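Asks: Below you will find the structure I want to go over with you.
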Amino acid sequence: MQPVTRAAWPLPHTSHSGDWPLAGLLEAKRAAGVAVSVVIPARNEEKTIAGVVGALRRELVDRAGLVDELVVIDSDSVDGTAARAREAGATVHAARGILPELGALPGKGEALWKSLFVTTGEILVFIDADLTEWGVHFVTGLLGPMLHLPRAQLVKGFYDRVSTYQGQAAGLEGGRVTELLARPLLNLWWPELGGLVQPLAGEWAVRRSLFESMEVPTGYGVELATVLEAHARHGLAGLAQVDLGARAHSHQSIHDLSLMATELLAVADRKRNRPAAQDAPPHLVQFSRGPDGAVRPIRRDVPSAVRPKATGLAAYRSKELHR
Ligand SMILES: O=c1ccn([C@@H]2O[C@H](COP(=O)(O)OP(=O)(O)O[C@H]3O[C@H](CO)[C@@H](O)[C@H](O)[C@H]3O)[C@@H](O)[C@H]2O)c(=O)[nH]1
Ligand SMILES: O=C(O)[C@H](O)COP(=O)(O)O
């Protein structure tokens, strides 16, 4: 297979994490005079959070001084996630504790949106908390285009997706929603975005100016919404992607991924101005065989709440809370 960078069709700026050595990043960061906040949304990730936080803290905060803030947003965990993250060196905020007057909604997008109120960096780097195969080059790789390419507004990571079967690595066919929904959808409706290798990657860097000025879906639609928003505002030139090698993470059940897929379709629908489908809160009917042998429908609500632009909120603009 040809390396993705040699493909014939238009790609967003595409590089490899190895193209961005630390010394160059530090110099570019100093020259730009910007601060970098790494944000890790986490819900019940006590097994993996310390590994992710600890390495970032040691390598990129303490040793390199590349990352200015390392923040975990605890998204309603009922396990030891917050304690493990704190011990490993992160500043931890409970999502529902951030500006409680704004209410608390479940979901990853909510955690990322709330992070805007407790971080100060002009550049935000989001990293998932459930990573088992990864490295700190995820962050340096994402920062490369952000610090070196003034036009880059959103940088997505991409990688080989390790799949697991019964807890063991079982091949490179992970990323089921990406393969079966996200990329087909982009190719059909936003073909210019067909060159994004991992549009749903949970590892991405974004300029605060973009993320704070867009509406943010509170669930798993946050990645797709940001890709579409960056593209709508800045075109392909506003996007970049970085090869980060391989990534392994914990996997959700196919029924939960089906719900995620429906959330993503709802985001795409909204973007294509098809509000009819949004009149009633969307739901998904799934089927499950009970102990009596009968197949029964289960109706699940599809998370579809959207947070407003943070910049529109007085609380966000107030100096006490922010910058
Ligand atoms: O309510 C939630 C759910 C998840 N998470 C965290 O968000 C990250 C990603 O969640 P996960 O359930 O592992 O997502 P995946 O099934 O891996 O979904 C993929 O696809 C999603 C949709 O694009 C992206 O949001 C994910 O980052 C990406 O890894 C993890 O750190 C979770 O702990 C929260 O903070 N709150
Ligand atoms: O990106 C995706 O498609 C989802 O994270 C699902 O990934 P998985 O199939 O590797 O669990």
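Asks: Quick check on the stretch 43-179: take the gyration tensor over C-alpha atoms, sort the square-rooted eigenvalues as a ≥ b ≥ c, and tell me if it's rounded (a/c under 1.5), prolate or oblate. Numbers along the way, then the final one.
Replies: Values: a/c = 1.38, a/b = 1.09, b/c = 1.27.
Cα axes put the stretch 43-179 in the rounded bin.
Asks: Give me the percent of the accessible area of the chain that comes from carbon and sulfur atoms, probe 1.4 Å, all protein chains in place. Walk me through the numbers on the way to the answer.
Replies: Values: 7930 of 14770 Å².
Accessible surface attributable to carbon and sulfur in the chain totals 54 percent.
Asks: Sticking with this one: Say the dipole of the chain comes from +1 at the beta carbon of Lys and Arg and -1 at that of Asp and Glu; which of T119, L60, G18 then lies farthest toward its positive end?
Replies: T119
Asks: Give the aspartates and glutamates reachable from K309 as a straight Cα distance under 17 Å; neighbours fewer than 8 places away on the same chain don't count.
Replies: Partners found: E101, E110, E122, E212, E215, E223, E229.
Asks: So what J values fall out for the stretch 108-117 if you push phi through Karplus, 6.51 cos²θ - 1.76 cosθ + 1.60 with θ = phi - 60°, rounded to Hz, Gly and Pro as x?
Replies: Here the 3J(HN,Hα) series is 5, x, 4, 4, 5, 5, 5, 4, 4, 8 Hz.
Asks: Quote the Stokes-Einstein diffusion coefficient, in whole µm² s⁻¹, for the stretch 203-323, based on the Kirkwood radius over alpha carbon pairs, a temperature of 20 °C and a viscosity of 1.002 mPa s. Don't skip to the end; give the middle numbers.
Replies: Numbers: Rh = 17.2 Å.
It diffuses with D of about 125 µm²/s by this estimate.
Asks: Could I ask something else about it? Express in nm, to one decimal, how much length is gained between E179 and R272 on full extension, taking 0.36 nm for each residue of separation and deducting their alpha carbon distance.
Replies: Details: separation 93, 0.36 × 93 = 33.48 nm, distance 2.12 nm.
Contour length minus the Cα-Cα distance gives 31.4 nm.
Asks: Further, regarding this structure: What is the gain in length, in nm to one decimal, between K309 and I254 on full extension, counting 0.36 nm per residue of separation less the C-alpha to C-alpha distance? Walk me through the numbers before you get to the answer.
Replies: Working: separation 55, 0.36 × 55 = 19.80 nm, distance 3.21 nm.
Here the answer is 16.6 nm.
Asks: How do the peptides 220-228, 252-260, 155-163, 75-83 rank, highest first, by the average count of neighbouring beta carbon atoms within 10 Å per residue? Walk me through the numbers before you get to the answer.
Replies: Numbers: 220-228: 24.8, 252-260: 14.8, 155-163: 22.3, 75-83: 17.6.
Order by mean packing, descending: 220-228, 155-163, 75-83, 252-260.
Asks: From the Cα gyration tensor of the stretch 122-208, with a ≥ b ≥ c the square roots of its eigenvalues, which class applies: rounded if a/c is under 1.5, or else prolate if a/b is larger than b/c, or else oblate?
Replies: Details: a/c = 2.63, a/b = 1.24, b/c = 2.12.
The shape class here is oblate.
Asks: Can you pull the three principal axis extents for the Cα set of the chain, in Å, largest first?
Replies: 64, 50, 42
Asks: When Lys and Arg each count +1 and Asp and Glu each count -1, what net charge do the other residues less than 12 Å away from M260, Cβ to Cβ, add up to? Walk me through the numbers on the way to the answer.
Replies: Numbers: positive: K108, R176, R300; negative: E223, D256, E263.
Residues near M260 contribute 0 overall.
Asks: Also, quick follow-up: Could you work out the local net charge near V92, counting Lys and Arg as +1, Asp and Glu as -1, over the other residues with Cβ closer than 15 Å to its Cβ?
Replies: Summing Lys and Arg as +1 and Asp and Glu as -1 gives -1.
Asks: Please work out how much length the chain gains when fully extended from A23 to A280, using 0.36 nm per residue of separation minus the C-alpha to C-alpha distance, in nm with one decimal. Can you show the working numbers first?
Replies: Values: separation 257, 0.36 × 257 = 92.52 nm, distance 5.24 nm.
Taking 0.36 nm per residue and subtracting the Cα distance, the gain is 87.3 nm.
Asks: Roughly what would the spin-label model give for R296 and K47, points 7 Å off Cα along C-beta, in nm?
Replies: Distance between label points: 2.9 nm.
Asks: Among the lysines, which have Cα under 21 Å from the Cα of K29 when same-chain residues fewer than 8 positions away are ignored?
Replies: In chain and number order, the partners are K156.
Asks: A follow-up question, please. Would you mind counting up the charge near A64? Only other residues with Cβ under 13 Å from its Cβ, with Lys and Arg at +1 and Asp and Glu at -1. Please list the in-between numbers first.
Replies: On the way: positive: K29, R30, R57, R58, R63; negative: E27, E59, D62, D68.
Surrounding charge for A64 is +1.
Asks: Assuming a ≥ b ≥ c are the square roots of the Cα gyration tensor eigenvalues, decide whether the stretch 21-122 counts as rounded (a/c under 1.5), prolate (otherwise, with a/b larger than b/c) or oblate. Provide the component values of the computation, followed by the final result.
Replies: On the way: a/c = 2.94, a/b = 1.50, b/c = 1.96.
Oblate.
Asks: Now for a separate question. First measure r as the distance between the Cβ atoms of H234 and R289, then evaluate 1/(1 + (r/R0)^6) with R0 = 41 Å and state the FRET efficiency to the nearest 0.05. Provide the component values of the computation, followed by the final result.
Replies: Details: r = 48 Å, r/R0 = 1.17.
Calculated transfer efficiency: 0.30.
Asks: A further question follows. Among the DSSP beta bridges whose two residues both lie in the chain, what percent are antiparallel, rounded to the nearest 5?
Replies: Working: 21 of 46 bridges.
If I count the DSSP bridges inside the chain, around 45 percent turn out antiparallel.
Asks: Under a point spin-label approximation (7 Å from Cα along Cα-to-Cβ), what is the L188-E101 distance to one decimal in nm?
Replies: So the two model labels end up 4.5 nm from each other.
Asks: While we're looking at this one, here's another question. Between D79 and R58, what is the spin-label point distance in nm, taking each point 7 Å from the Cα along the Cα→C-beta axis?
Replies: 2.2
The values are calculated or read from the model by the stated rules, or taken from the named source; none is laboratory data. Keep in mind the model is a prediction, meaning the values are calculated, not measured. Virtual Cβ from ideal backbone geometry, glycine too; neighbours counted across all protein chains shown. Note: areas computed on protein heavy atoms with side chains; ligands, DNA, RNA excluded. Shrake-Rupley method; radii C 1.70, N 1.55, O 1.52, S 1.80 Å.
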